[in-house]
1. When you scan the range 143-180, how many residues do you find that are in contact (Cβ under 8 Å) with a residue 24 or more places away in the chain, out of contact with any strand residue (DSSP E or B) (no Cβ under 7 Å at 6 or more places or on another chain), assigned to a loop (DSSP other than H, G, I, E, B) and of a type in the set (A, V, I, L, M)?
2. Against the condition in a loop (DSSP other than H, G, I, E, B), more than 15 Å from the chain's Cα centre (by Cα) and under 21 Å from ASN38 (Cβ atoms), how does GLY116 come out, does it pass?
3. Filter the range 30-47 down to residues that are surrounded by 14 or more Cβ atoms within 10 Å (Cβ to Cβ) and among the aliphatic types (A, V, I, L, M) and give me whichever is farthest from PRO110 (Cα to Cα).
4. For the range 42-53, indicate whether the set of residues that are acidic (Asp, Glu), modelled with pLDDT under 95 and outside any loop (DSSP other than H, G, I, E, B) is non-empty.
5. State all residues of the range 48-80 that are among the polar types (S, T, N, Q) and surrounded by fewer than 14 Cβ atoms within 10 Å (Cβ to Cβ); if no residue qualifies, say none.
6. Take the conditions open to solvent by 50 Å² or more (accessible area, probe 1.4 Å), assigned to a loop (DSSP other than H, G, I, E, B) and of a type in the set (Asp, Glu) and apply them to GLU198. Does it pass?
7. Quick check on SER122: is it touching a residue at least 24 places away in the same chain (Cβ under 8 Å), more than 10 Å from the chain's Cα centre (by Cα) and either under 26 Å from ALA41 (Cβ atoms) or surrounded by 16 or more Cβ atoms within 10 Å (Cβ to Cβ) (or both)?
8. Checking the conditions here, which among LEU139, LEU133 is closer than 14 Å to THR60 by Cα, more than 16 Å from the chain's Cα centre (by Cα) and touching a residue at least 40 places away in the same chain (Cβ under 8 Å)?
Amino acid sequence: FSASVVGPFVLNVSAAIANDACANAATILASTPTAFCNVGATTDGPTEAACQFFSSNNVTQDLWYRYTPVGKGRFTVRTCGSTFDTKAAIYPNACPAATGTVLACADDSPECGGNGRQTSVSAIGVAGTPYLLRIGSYLSASGSGTVTVFCAADVNFSGAASVQDIFDFLEFYFANNPRADINGEGGLSVQDIFDFLETYFSGC
């Protein structure tokens, strides 16, 4: 016996997201904007005290990326221009089995402009050492966006290291701007100049 039904219907099609799990983190390069969509993603990272913003201590519907700095110093991860309320965290190169290993976490970041709900987060990197980037949302928001890593030499976030970065670094340094704290020691010293020049000549 067979039967058929005639009428309107809705067909839901979903595809697995390759880097939904930390173990399957996708490689990402500096200065290369990478499109992402976390619709349908699960949350496999832990809650973090460092991620406590607006009554939420998690990065939900997270996607994972792996970034390896070419030079040492402060690198920055941004989701500016994304369509939803993003949140991001940076971890050492080991998927977190428990809370407390996160290096940095951020939610709403004025650096992105717009509606202020996108994210800019930074950490001090060691050349040749991989780091895990956890890109997700605040309170299970979802949508599409772009994540970009700016290497330590790209202090003006232009998307590439150039001679202009040297001029801009020195301007930040003499203005006592924290963006010149390349080595993350918590203050500015002549060592930051030496460290910036070292990472600049290492490139991105």
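1. Here the count works out to 4.
2. yes
3. Ranking the qualifying residues of the range 30-47, first place goes to ALA41.
4. Among the residues of the range 42-53, not one is acidic (Asp, Glu), modelled with pLDDT under 95 and outside any loop (DSSP other than H, G, I, E, B), which makes the answer no.
5. Of everything in the range 48-80, those that are among the polar types (S, T, N, Q) and surrounded by fewer than 14 Cβ atoms within 10 Å (Cβ to Cβ) turn out to be GLN52, SER55.
6. No.
7. no
8. Just one listed residue meets the conditions, LEU139.
The values are calculated or read from the model by the stated rules, or taken from the named source; none is laboratory data. Remember, it's a predicted structure, so these values are computed and weren't measured experimentally. Every residue, glycine among them, receives a Cβ derived from its backbone with ideal geometry; neighbour counts consider all protein chains shown. We work out accessible area using only protein heavy atoms, side chains counted, and drop any ligands, DNA or RNA first. Shrake-Rupley method; radii C 1.70, N 1.55, O 1.52, S 1.80 Å.
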